[in-house]
Amino acid sequence: MKQIFYSFFILAIGASMVACEEQGKFGLDESEKAFNLRLAPDKGSFDISQGDPSINFTMFSDNKNITTIKIYVDLLQFGNDAPTKRAVLKEIPGNVFTNAASTVVPIKLSEFVGAVGLSLDDLAGGDIFTIYNEVNLADGRVYPDSLEFDGEKFVNVENSFFTAAGSTSFTGTLSFPVLCPFVATEAAGTYSITRDDFEIAWDPDHKPVIVAGPGPNQVTIRNMLGHPPGTYDVIVDVNPVTDVATVKKQAAWDSGNYGLPYGDGFVEGDGFYFSCTGFLTLDLEHTVSAGTYGEQRIEFTKIP
C-alpha cells in the first residue's frame, strides 16, 4: 500500500504566479481584466476529537463585478493513491463584497465530508481535504483561466488572481489535514517499515516494536532499524495536539555493519505520528563521525 507523507500546518495562503520583475508590467488600467480574491482560514487542520469543528474563512476582494464564488473540495484518505472526485463545497454570492471588502464564511467538517459523499465516521487521522476556488464575473468570464497581459499569457490553472498597482494577490489551493489526538498507548504495537529511502534498515523485513514511554507523549522504537547488536532504541516525542513527531539526536545504527570505521550512526529530525491509524513518518538526518548523509525519509505502519 502506498504511504503518503503529509506536510502541513504551515500552509501557504498565497504564492506568486509571476516573477517579481514581471509584476511591474501590470498597472491600474488592467485591474478590471481580472480580479482579486483571497481566503484566510482561521485554522489549518481539523481535530476529529472535537466532533464537528468549523473553519472560518475570511474572504477578501476589491471587486464589485463577481456574481458567484464556488469553493470545490476533494479528499485524499490515508493510504489511498488518489483523492475523491472534486465536488462543490460552498457557493457564495458575489454581492457579499458590495458594501465591504471582506466577509467571513464558516464551513463545518460535516460539510466537507458531505460534499464528497462521506460521513464523519469515515474520517481518520492523516486524511487531507484540499479546496479550490472558481469565480464567475458579471461579464461571463470564469476563473481559473489564462490571462494575457502585454502580449504574454499567464496560465492560471487552480488559482484566481488580480493585478493592480504592480502587485499580485490570489488564493491557491489550500489543504486541511484531519488530525486525531496522539495517544501513546494507542500507538504501541508491532510495525512494518513501509518506506526506507536510505535503505538503512539492516533487514528489509525487520518489524520494530513500539512501546509507550519513557515519558508522557513519548514512544520508544525498539531497535528501530534492526541493527546488531540490537541496542539501538530510538525515543520519539509527539505533540498530542498537532501529531508532530520529533527525534532528538541519538544513535540508531552501526556503521561497522557496513564495514565502515565511523562508529555509531546518529539520527535526528521530525515528522508526524497518527496513533489512530498507526502511521509514523519521519525525515531523519543521518550522521557519523565523518559527516552527514543528509535527510532521508522513513515510514512505519502498524500491523493490525
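Overview of results
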item: Residue count, the stretch 133-153 (criterion: among the acidic types (Asp, Glu) and at pLDDT below 80); result: 4
item: Every residue from the stretch 206-235 that is at positive phi and not small (Gly, Ala, Ser); result: Asn217, Asn223
item: Residue list for the stretch 76-117, filter: of a type outside the set (Asp, Glu) and within 18 Å of the chain's Cα centre (by Cα); result: Leu76, Gln77, Phe78, Gly79, Asn80, Ala82, Pro83, Thr84, Arg86, Leu109, Phe112, Val113
item: In the stretch 64-100, the residues that are touching a residue at least 60 places away in the same chain (Cβ under 8 Å) and under 23 Å from Ala138 (Cβ atoms); result: Asn65, Ile66, Thr67, Thr68, Ile69, Lys70, Ile71, Tyr72
item: Residue check, Val267 out of contact with any His (no Cβ under 7 Å at 6 or more places or on another chain) and of a type in the set (A, V, I, L, M, F, W, C); result: no
item: Selection within the stretch 112-141 - of a type outside the set (Val, Ile, Thr), in a helix (DSSP H, G or I) and either in contact with a helix residue (DSSP H, G or I) (Cβ under 9 Å, 6 or more places away or on another chain) or surrounded by fewer than 16 Cβ atoms within 10 Å (Cβ to Cβ) (or both); result: Gly114, Leu120, Asp121, Asp122
item: Filtered residues of the stretch 55-103 (kept if modelled with pLDDT of 90 or more and assigned to a loop (DSSP other than H, G, I, E, B)); result: Gln77, Ala82, Pro83, Thr84, Lys85, Arg86
item: Selection from the stretch 194-222 of residues that are of a type outside the set (Ser, Thr, Tyr) and touching an Asp or Glu at 6+ places or on another chain (Cβ under 7 Å); result: Arg195, Asn217, Gln218, Ile221, Arg222
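Residue by residue, here is whether (1) hydroxyl-bearing (Ser, Thr, Tyr); (2) touching a Lys or Arg at 6+ places or on another chain (Cβ under 9 Å) holds:
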{"site": "Thr231", "(1), (2)": "yes, no"}
{"site": "Asp237", "(1), (2)": "no, yes"}
{"site": "Pro240", "(1), (2)": "no, no"}
{"site": "Ala251", "(1), (2)": "no, no"}
{"site": "Leu260", "(1), (2)": "no, no"}
{"site": "Glu268", "(1), (2)": "no, yes"}
{"site": "Thr277", "(1), (2)": "yes, yes"}
{"site": "Thr287", "(1), (2)": "yes, yes"}
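The values are calculated or read from the model by the stated rules, or taken from the named source; none is laboratory data. Fair warning: this is a prediction, and the values are worked out from it, not measured in the lab. All Cβ positions, even for glycine, are placed from backbone atoms using ideal geometry, and neighbour counts span all protein chains on display.
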